[in-house]
Amino acid sequence: MALDVTLVCDIMMDLEGSIRPAMYLASELVAKGYTVSMMSPIMSDDVEERLRVNGIMPINLRAKLTAKNSGLSLLWFETWAREAFLKLNSKHVNRHSDVMVNFSHTLVVPSMFWYLQGPTSVALKDMEGELTVAYRFAYRVLRPMIEYADGKLVKDMGRKSAFVVANSKFCASMYRKWEIEVSDIIYPPIDCKVFQPRMSSPSSDYVLTYFGKETKFSVVKAVADLGVNIKAFGSKAPFVPRCLITHPNIEFLGRVSVDELVDVYSNALFTLFPFTHEPFGYIPVESMACGTPTLTYNTQGPSESIIDGHTGWLAKSDEELAHKALKLWKQGYASQIRLNCVKAASMFDKKLYVEKWLKVIKA
């Protein structure tokens, strides 16, 4: 008889980002005959329908949130706060399976596995410098409470999990101060059948970057000010400085489909990825899969996926990053690097990811 498996996730308004690792695993388990459910504090109607179509039972806890129209970042933060301070999300969990795999940071449930994707308090601390004045003031006032509540939440989730798996070595290191013992590292997946080079002769007439809550916008501006043509994708969040949206050397594409994203990755000279906080980093790996190297920092998650000078470049400071961006823009790089990127990205393919999870679950 096949095991009954429930994958616990954060808010599920779509199936991208931090939901992707759980979704790939769920689909593979269904294909192998497991009974699979996905649980979340809140799901969109579209997500519920897509789960059912894929043979997955949705468990929508229907959390009553006030930030529904304030963007995904604030919606996620409210969901986290409900659990960290009041345990409101897990209060409504009344179903348990043979195997519970917790991919969330917003639901404390007894689990066989807890998949770490980064603590809230550390992310906010790293992002403080790029927040708007209003958000920065609010964070500084609330920081002691946030750090206390997050520590308590992490310890509680650790106690209720038999095994803990992290999405990178750096991610695992962040939990050591709470004495969370990580038993394995499983890097998040990409679909290399989707993310692959689209053309043999890329236009290479722009540099690609991403606008999100983790972006170090001051560095993007510094590079654009040097005369580098930049295309940026991502949601037009309230924390993106207007001077970047209107900058003459930056073309803001907004939210793009996966198909459009593969095209812009494939045609870019390189991907610029200045971040404040990144436990793993999908952007560099997606870019590499499309044959385009990434320029980023020699720290945190991206330093584990990029080989300096072979599949991209790792800088030690903002100044070094901007200087290297200008040099690459003017001089280019060896064509072999694009081939190296595709080969290296194959190590993060979803096929290898689900194989590793299946071995862990069966064991």
For residue 224, are the conditions met, namely being assigned to a strand (DSSP E or B), out of contact with any helix residue (DSSP H, G or I) (no Cβ under 6 Å at 6 or more places or on another chain) and within 19 Å of residue 272 (Cβ to Cβ)?
-> no
List, please: which pairs have Cβ atoms under 6 Å, are six or more places apart or on different chains, and start with a residue in the range 174-193 that is surrounded by 18 or more Cβ atoms within 10 Å (Cβ to Cβ) and end with one that is of a type in the set (Asp, Glu) and modelled with pLDDT of 95 or more?
-> 190/286; 192/349
Might you let me know whether the range 141-158 holds any residue that is out of contact with any Gly (no Cβ under 8 Å at 6 or more places or on another chain) and closer than 27 Å to residue 29 by Cα?
-> yes
Looking at this structure, is residue 164 part of a strand (DSSP E or B) and aliphatic (A, V, I, L, M)?
-> yes
Among the residues of the range 49-68, is there at least one that is at pLDDT below 95, within 28 Å of residue 192 (Cβ to Cβ) and out of contact with any His (no Cβ under 8 Å at 6 or more places or on another chain)?
-> no
Only one of 231, 221, 193, 213 is within 16 Å of residue 321 (Cβ to Cβ) and among the basic types (Lys, Arg); which?
-> 221
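For residues that are over 11 Å from residue 301 (Cβ atoms) and within 21 Å of the chain's Cα centre (by Cα), tally how many sit in the range 159-171. Steps first, please.
The initial filter retains those residues of the range 159-171 that are over 11 Å from residue 301 (Cβ atoms), namely 159-165.
From what is left, the residues that are within 21 Å of the chain's Cα centre (by Cα) are 164-165.
Residues in the range 159-171 being over 11 Å from residue 301 (Cβ atoms) and within 21 Å of the chain's Cα centre (by Cα): 2 in total.
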State yes or no: is residue 168 buried (at least 20 other Cβ atoms within 10 Å of the Cβ), polar (S, T, N, Q) and either in contact with a Lys or Arg (Cβ under 8 Å, 6 or more places away or on another chain) or modelled with pLDDT under 95 (or both)?
-> no
Within the range 114-159, track down each residue that is of a type in the set (A, V, I, L, M, F, W, C) and either in contact with a helix residue (DSSP H, G or I) (Cβ under 7 Å, 6 or more places away or on another chain) or under 17 Å from residue 83 (Cα atoms) (or both).
-> 114, 116, 122, 124, 131, 142, 145, 146, 149, 153, 154, 157
Elements of type helices (runs of 4 or more DSSP H) in the range 241-346, at least 1 residues being among the aromatic types (Phe, Trp, Tyr) and outside the structural domain of residue 166 (by TED's automatic domain parsing) | 258-267, 282-289, 318-331
Note down all Cβ pairs under 6 Å where the first residue falls in the range 66-95 and is farther than 19 Å from residue 13 by Cβ, the second is assigned to a loop (DSSP other than H, G, I, E, B) and modelled with pLDDT of 85 or more, and they're at least six residues apart or on different chains.
-> 90/107; 90/108; 90/109; 93/109
Would you mention how many residues in the range 282-318 are touching a residue at least 40 places away in the same chain (Cβ under 8 Å), touching a Ser or Thr at 6+ places or on another chain (Cβ under 6 Å) and under 13 Å from residue 170 (Cβ atoms)?
-> 2
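The values are calculated or read from the model by the stated rules, or taken from the named source; none is laboratory data. All figures in this text were calculated on a predicted structure; none of them were measured in a lab. When we count neighbours, we look across all protein chains shown, and the Cβ atoms used for this are built from the backbone with ideal geometry, even at glycine.
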